[in-house]
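Accompanying notes for the structure given below.
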Amino acid sequence: MSGTSYSGSGSVTVTLDGSNRTATLPLLQGTIGPSVADMRKLYAELGIFTFDPGYGGTAACDSKITYIDGDAGVLLYRGYPIEQLAEHSSFLEVAYLLMYGELPTPAQKAEFDRGVLHHTMLHEQLRSFFNGFRRDAHPMAVLCGVVGAMSAFYHDSLDINDPEHRRISAFRLIAKVPTIAAWAYKYSIGQPFVYPRNSLGYAENMLYMMHAVPAEEYTVNPVLARALDLILVLHADHEQNASTSTVRLAGSTGANPFACIAAGIASLWGPAHGGANEAVLKMLADIGHVAHIPDFLEKVKDKNSAVRLMGFGHRVYKNYDPRAKIMQQTCHAVLAELGIKDDPLLDLAVELERVALHDEYFVSRKLYPNVDFYSGIILKAMGFPTSMFTVLFAVARTVGWVSQWMEMIEDPAQRIGRPRQIYTGAPQRDYLPMSRRT
Ligand code: CMC
């Protein structure tokens, strides 16, 4: 049984097609959101599995961290609307909120900031680890490899049953992932690694480690630091998405947190998930000009082509992704700050969005821009290369992964994640010696 008691009660009776059996399932009610039929005893009592590839209708865990209402376009972190956090909060405050459930007092915030901002350096031997990669390796490959390798360097915080070990590992991950990300970039362009400066803020430090060089003074533009901080806030957590579910599944086996977060990074990399921000820019470059939008959309709508409108559509949102709205406004502010009056990519994106939102194909399928549609344009304007976009997403989401991992480990009902299947392969048969095979 779960360690949580669910408000509300009742049950739902389902008739099982193809048999004359019915099953009465308890109905669980969370704080908000739809009721959830409790399937846990279905197999034990009736010998029947549920079939839900892609988990479109399955709640895999209970969680108190993030809530999404996909029809209304609502996203809450610990109950607070993303719009309010984007306007008033900061990434480290959001990190505290996601991890501990409440907004910090000034003293809690100061202690938390100190804990994160003073653990930004990597074990010096991790530095030589980078040299094993090709210079043209994708920075997500480097990030995934080096974060996984952290489990070989921080042996003193690997006991997942010790709350203090869990806390230290969480802090190490949140503090060191930006350093690894920045170094992956520096390595790819052949520049020396820039060590973190703990007097800088989180986003500020990241910009510094990426763009500074030892030979010159470098001052971080505060508007760009604020914009990056906002982007990190918007990407910090998103309920049980593919990478978070990957982290939980890996963590459910008792694997150490560094290995689990490396698994999350691998899952995030795909173009259907975090890799979409990189894919959007490639798509815009391929379209090239507003005049080519109609032809491009015809390809997207053609069932025989694999082309998708990247940065559009979402498994949960059937309305405008609230993060995309904020991202669009931020895009204009960042370009204005940088003195970019006409950005052909932004013009193309705005027109592509306008045309798609009036096209029956997208309207009928409730396909709206998601968080990735505008983020790439902002990040490019800020001087990040395309290959770093998903890396920045991973930096932000590390906070969400760590929070979800901690919640899972602390849940007394936690069990190894072990889905079942419908087996459609050959029935049992006897081995045939090769001489008798034709
Ligand atoms: N372009 C064209 N058609 C689409 C798109 C799209 N971007 N997204 C969904 N559809 C169509 C799809 O072909 C299907 O049509 P039909 O009913 O005729 O077969 C219908 O809409 C439902 O799509 P689905 O594939 O069942 O939806 P899903 O929930 O499995 O996929 C998604 C969600 C995000 C993978 C998908 O919308 C997609 O591939 N979008 C583009 C990639 C992208 O932007 N990903 C970022 C997601 S947000 C950030 C994150 O999670 O990391």
Seminar exercise, completed: Quick calc of log₁₀ I(q)/I(0), the range 1-155, Debye, one scatterer on every Cα, no solvent, q values 0.12, 0.15 1/Å, result -0.87, -1.03
Problem set entry | Assigned charges on the beta-carbon of Lys, Arg, Asp, Glu; the range 185-283 dipole about Cα centre (debye) | 180 debye
Seminar exercise, completed: Rounded to a whole number, the Stokes-Einstein D of the range 330-438 in µm²/s (Kirkwood radius over Cα pairs; 20 °C; 1.002 mPa s) is 109 µm²/s
Seminar exercise, completed: Looking only at lysines whose Cα falls under 25 Å of LYS41's and that sit 8 or more positions away or on another chain, we get LYS64
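Relative contact order for the range 31-142: what percent, with Cα pairs under 8 Å and sequence separation of 6 or more? Spell out each step's value before the answer.
Details: 53 pairs, mean separation 13.1, N = 112.
Relative contact order here is 12 percent.
Hey, could you get me the Stokes-Einstein D for the chain, Kirkwood radius over alpha-carbon pairs, 37 °C and 0.692 mPa s, rounded to whole µm² s⁻¹? Please list the in-between numbers first.
Details: Rh = 23.7 Å.
In µm²/s, the coefficient is 139.
For VAL213 and ALA137 in one chain, what is 0.36 nm times their gap in residues minus the Cα-Cα distance, to one decimal in nm?
Working: separation 76, 0.36 × 76 = 27.36 nm, distance 2.13 nm.
Gain on stretching VAL213 to ALA137: 25.2 nm.
Mind checking the dipole of the chain: about its Cα centre, +1 per Lys or Arg Cβ, -1 per Asp or Glu Cβ, Debye to the nearest 20? List each step's numbers first, then the result.
Working: 39 positive and 44 negative charges, 278 e Å.
Computed about the Cα centre, the dipole is about 1340 debye.
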For this session: Within the range 397-438, list the trypsin sites (Lys or Arg not before Pro) lying in a DSSP loop whose Cβ has at most 11 other Cβ atoms in a 10 Å radius.
Result: ARG415, ARG420, ARG429, ARG437
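What are the equivalent ellipsoid semi-axes of the range 197-244, built from the alpha-carbon gyration tensor (square roots of five times its eigenvalues), in whole angstrom, biggest first? Don't skip to the end; give the middle numbers.
Numbers: eigenvalues 146, 26, 14 Å².
Ellipsoid half-lengths, sorted descending, are 27, 11, 8 Å.
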Exercise. Where is the GNM fluctuation largest for the chain (alpha-carbon springs, 10 angstrom cutoff): ALA259, ALA336, ALA236?
Worked result: ALA336
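Where a ≥ b ≥ c are the square roots of the eigenvalues of the C-alpha gyration tensor, would you call the range 222-267 rounded, which needs a/c under 1.5, or, failing that, prolate if a/b is larger than b/c, or oblate?
Prolate, because a/c is 1.5 or more and a/b exceeds b/c.
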Problem set entry | Within a Gaussian network of the chain (alpha carbon springs, distance under 10 Å), most fluctuating of SER267, SER19, SER252 | SER19
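Under 8 Å for C-alpha pairs, at least 6 residues apart: give me the relative contact order for the chain, rounded to a whole percent.
Details: 584 pairs, mean separation 86.6, N = 438.
Dividing the mean separation by the residue count of the chain yields 20 percent.
Counting other Cβ atoms within 10 Å of each Cβ, which trypsin sites (Lys or Arg not before Pro) in the range 1-84 have at most 16 and sit in a DSSP loop?
On the way: sites: ARG21, ARG40, LYS41, LYS64, ARG78; in loops: ARG21, ARG40, LYS41, LYS64, ARG78.
Of the trypsin sites (Lys or Arg not before Pro), the ones in loops of the range 1-84 whose Cβ has at most 16 other Cβ atoms within 10 Å are ARG21, ARG40, LYS41, LYS64.
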Seminar exercise, completed: Excluding residues fewer than 8 positions from LYS303 in its own chain, the lysines with Cα under 30 Å of it are LYS282, LYS318, LYS325, LYS366
Problem set entry | Along the chain, longest interval not containing exposed GluC sites (Glu not before Pro), exposed being DSSP loop plus at most 13 other Cβ atoms within 10 Å | 218-438
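The numbers here are math on the coordinates, done by the rules we state, and not lab data. Computed from a prediction, not measured in an experiment: that's the story for all the values here. All Cβ positions, even for glycine, are placed from backbone atoms using ideal geometry, and neighbour counts span all protein chains on display.
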